[in-house]
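Chemist: First, the structure itself, so that you have it in front of you.
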Amino acid sequence: MSEEQDRSGRERPSTAADRRGRRAAASGASTAGKGRATPVRDNRPTKVSVTNRLARFLREVVAELRKVIWPTRKEMVTYTIVVLVFVSFMVALVAGFDFVFGQAVGAVFGP
């Protein structure tokens, strides 16, 4: 099999323009369908009332909430403790930095 043919036996395009079909269209080989407007492909549904949209939205919210894996009481207590410990650590860290930098600025610029 030569490099100019693909696996199905068809001739492979040698340039990007050939792959896009521009050379064939420029030579007039494939002009079927040219000269007319592109058909409209607007498949959007017609306007739906506000109440129907709101009802659909609420149904979808309930459906999504049914998919949620809710934590057990034990997991919720564990997560809450972890968050409180982390927040307490961060507050202490920021307060420590504030104290140290405050003392440094006070030492440099005076009381």
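Chemist: Among A63, F109, L84, which residue has its Cα furthest toward the positive end of the charge dipole of segment 39-111, with +1 on Lys/Arg Cβ and -1 on Asp/Glu Cβ?
Modeler: Among A63, F109, L84, the one farthest towards the positive end of the dipole of segment 39-111 is A63.
Chemist: Moving on to the next point. Which ³J(HN,Hα) values, rounded to whole Hz and listed in residue order, are derived for segment 71-81 from phi using the Karplus coefficients 6.51, -1.76 and 1.60 in 6.51 cos²θ - 1.76 cosθ + 1.60 with θ = phi - 60°, glycine and proline given as x?
Modeler: Result, ordered by residue: x, 6, 4, 5, 5, 5, 5, 4, 4, 5, 5 Hz.
Chemist: Using a 10 Å cut-off on Cβ atoms, rank the peptides 93-99, 46-52 from the highest mean neighbour count down.
Modeler: Top to bottom by mean Cβ count within 10 Å: 93-99, 46-52.
Chemist: To the nearest 20 debye, what is the magnitude of the charge dipole of segment 31-111 about its Cα centre, counting +1 on the Cβ of each Lys and Arg and -1 on the Cβ of each Asp and Glu?
Modeler: Around 1020 debye, computed over segment 31-111.
Chemist: What translational D, rounded to a whole number of µm²/s, comes out for segment 50-109 from Stokes-Einstein when the hydrodynamic radius is the Kirkwood one over Cα pairs, at 4 °C and 1.567 mPa s?
Modeler: It diffuses with D of about 80 µm²/s by this estimate.
Chemist: Oh, and also: Between F57 and Q103, what length in nm is gained on full extension when 0.36 nm per residue of separation is reduced by their alpha carbon distance?
Modeler: Net length gain for the segment: 11.0 nm.
Chemist: Okay, moving on. Among 102-109, 64-71, what's the highest-first ranking by average C-beta atoms within 10 angstrom per residue?
Modeler: So the order, starting with the most tightly packed, is 102-109, 64-71.
Only the coordinates and a few stated rules stand behind these numbers; no lab work does. Computed from a predicted model, the values in this text were never measured in an experiment. No Cβ is skipped: glycine too gets one built from the backbone with ideal geometry, and neighbour counts run over all protein chains shown.
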